[in-house]
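Everything on this sheet refers to the single structure shown next.
Rule-based calculations on the coordinates, nothing more; no lab input. Computed from a predicted structure; not experimentally measured.
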Amino acid sequence: MRSRTVLLLAAVVPVGAVAAAVALKAGSWQLSVSRYAIRLSPTPRRTCPDCKGEGGWWSEGPYPDGEMCWCWDRTQHTLRLRPLPAYDEIPF
Ligand SMILES: [Zn+2]
């Protein structure tokens, strides 16, 4: 009985340490999950007629600058699950 408990703890601890954050992409959104928050972030739309999924382009001229496409300019949503420790940051 005691050896089963030890084996179970040995199997659970590495999984908890590795799974600090997970990110999934679906459509034009990216879902990031950590123990502290769930975040839904916009990504460029693959079917965008202007940037064709690149998210932006470089302007031309003597001083080229990057411009962000309109399809990527949406609000990011974050749901806090627990307060952050003073010494830690959200891993995404
Ligand atoms: Zn676009």
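Backbone amide hydrogens, once placed in the peptide plane, bring Gly56 within less than 5 Å of Cys69, excluding anything fewer than 5 places away on its chain. Taken over region 19-92, the alpha-carbon convex hull comes to 119 cubic angstrom per residue. Once backbone amide H atoms are built at 1.01 Å from N, Cys48 has Gly53 as its partners under 5 Å, excluding neighbours fewer than 5 places away on the same chain. Per-residue Karplus couplings for region 65-70, computed as 6.51 cos²θ - 1.76 cosθ + 1.60 with θ equal to phi - 60°, are listed in order as 9, x, 10, 8, 6, 5 Hz, Gly and Pro entered as x. Relative contact order of region 19-92: 30 percent, from C-alpha pairs under 8 Å at least 6 residues apart in sequence.
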